[in-house]
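There's a structure below that I have some questions on.
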Amino acid sequence: MARHFISKKESRNLAVSLSFLGLSVPEDGLEVDQRKGEECYFYRGKPYVYHGEQVIPTLYMLNDQKPHNRIVKVDDGAVPHVVNGANVFAQGIISMDQDIKEGDMVFVANSSGTFIAVGIAVRDAKAVLGDKKGTAVKIIHHPGDRIMQTFS
């Protein structure tokens, strides 16, 4: 199916599915492209929200909206690895939202606050920051991944 604009009702439904992440979508100007059972919503020509097995905000959306919660900041040494899809290890974390629980979707940012990946917390923030060992975040979206290749 070709890319087309979505209705205000569809936009509101998408907004509800993103509200638990503290994100919103505009009511007007959203387009959708569907391929192989997956959807990607575009805003101003950029992929904004991916919807496959789950709803995932893209890096364009995160850097446009600058969310204030669910953030994991990593040091400069971790950035090139995370950008290429590597999981985030506790040793590379500068700061982490204290309310993050195991299984939460989180937004990974570099030290200057630019969002570089989306992931799922493997452990609670308190455990990660307490022992600074092991995997903290499993990356599910990063620059150049399948989502970006398919829909960019």
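The values are calculated or read from the model by the stated rules, or taken from the named source; none is laboratory data. Everything quoted here is computed from the prediction, not taken from an experiment. When we count neighbours, we look across all protein chains shown, and the Cβ atoms used for this are built from the backbone with ideal geometry, even at glycine.
Return yes or no: is VAL49 within 14 Å of SER152 (Cα to Cα), outside the structural domain of ALA117 (by TED's automatic domain parsing), of a type outside the set (S, T, N, Q) and touching a Lys or Arg at 6+ places or on another chain (Cβ under 8 Å)?
Considered against the rule, which asks whether it is within 14 Å of SER152 (Cα to Cα), outside the structural domain of ALA117 (by TED's automatic domain parsing), of a type outside the set (S, T, N, Q) and touching a Lys or Arg at 6+ places or on another chain (Cβ under 8 Å), VAL49 comes out as no.
So which of LEU23, LEU14 is touching a residue at least 24 places away in the same chain (Cβ under 8 Å), assigned to a helix (DSSP H, G or I) and surrounded by 14 or more Cβ atoms within 10 Å (Cβ to Cβ)?
Selected residue: LEU14, the only one of LEU23, LEU14 that is touching a residue at least 24 places away in the same chain (Cβ under 8 Å), assigned to a helix (DSSP H, G or I) and surrounded by 14 or more Cβ atoms within 10 Å (Cβ to Cβ).
So that you can scan it fast, the table gives a plain yes or no per residue for (1) in contact with a strand residue (DSSP E or B) (Cβ under 7 Å, 6 or more places away or on another chain); (2) in contact (Cβ under 8 Å) with a residue 40 or more places away in the chain; (3) more than 16 Å from LYS138 (Cβ to Cβ):
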{"site": "PHE5", "(1), (2), (3)": "yes, no, yes"}
{"site": "GLN65", "(1), (2), (3)": "no, yes, yes"}
{"site": "ILE94", "(1), (2), (3)": "yes, no, yes"}
{"site": "PHE107", "(1), (2), (3)": "yes, yes, no"}
{"site": "ILE116", "(1), (2), (3)": "yes, yes, no"}
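So which residues in region 96-111 are part of a loop (DSSP other than H, G, I, E, B) and under 14 Å from VAL82 (Cβ atoms), if there are any at all?
Residues satisfying the conditions are ASN110, SER111.
Continuing with this model, one more query. Specify which of the listed residues (ASP104, ASP145) is closer than 23 Å to ALA15 by Cα and surrounded by 13 or more Cβ atoms within 10 Å (Cβ to Cβ).
ASP104
Okay, moving on. Out of the residues in region 136-148 meeting the condition of being more than 14 Å from PHE42 (Cα to Cα) and not charged (D, E, K, R), tell me which one is nearest to the chain's Cα centre (by Cα).
Applying the first criterion (more than 14 Å from PHE42 (Cα to Cα)) to region 136-148 yields 136-146.
Still in the running and not charged (D, E, K, R): 136-137, 139-144.
Values: ALA136: 15, VAL137: 12, ILE139: 9, ILE140: 8, HIS141: 6, HIS142: 8, PRO143: 11, GLY144: 13 Å.
Looking at the filtered set, the residue picked out is HIS141.
Quickly run through region 68-80 and pick out the residues that are surrounded by 17 or more Cβ atoms within 10 Å (Cβ to Cβ) and outside any strand (DSSP E or B).
ARG70, ALA78, VAL79
Here are LYS73, LYS101, LYS126, LYS132: which of them is touching a residue at least 12 places away in the same chain (Cβ under 8 Å), more than 30 Å from ALA2 (Cβ to Cβ) and under 15 Å from the mean Cα position of the chain (by Cα)?
LYS73
Can you tell me which residue is surrounded by the fewest Cβ atoms within 10 Å (Cβ to Cβ) among those in region 111-140 that are touching a Phe, Trp or Tyr at 6+ places or on another chain (Cβ under 7 Å) and closer than 26 Å to TYR48 by Cβ?
This residue is PHE115.
Conditions tested, residue by residue: (1) of a type outside the set (Lys, Arg); (2) not assigned by TED's automatic domain parsing to the domain that holds CYS40.
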| site | (1), (2) |
| --- | --- |
| LEU59 | yes, no |
| ILE71 | yes, yes |
| GLY92 | yes, yes |
| GLY103 | yes, yes |
| PHE115 | yes, yes |
| LYS126 | no, yes |
| LYS138 | no, yes |
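Please work out which one of (1) farther than 16 Å from HIS142 by Cβ; (2) surrounded by 15 or more Cβ atoms within 10 Å (Cβ to Cβ); (3) at pLDDT 95 or above is the condition GLU38 fails and give its number.
The number of the failed condition is (3).
Take the residues of region 81-95 that are outside any loop (DSSP other than H, G, I, E, B) and over 21 Å from ASP131 (Cα atoms): which is farthest from the chain's Cα centre (by Cα)?
Result: HIS81.
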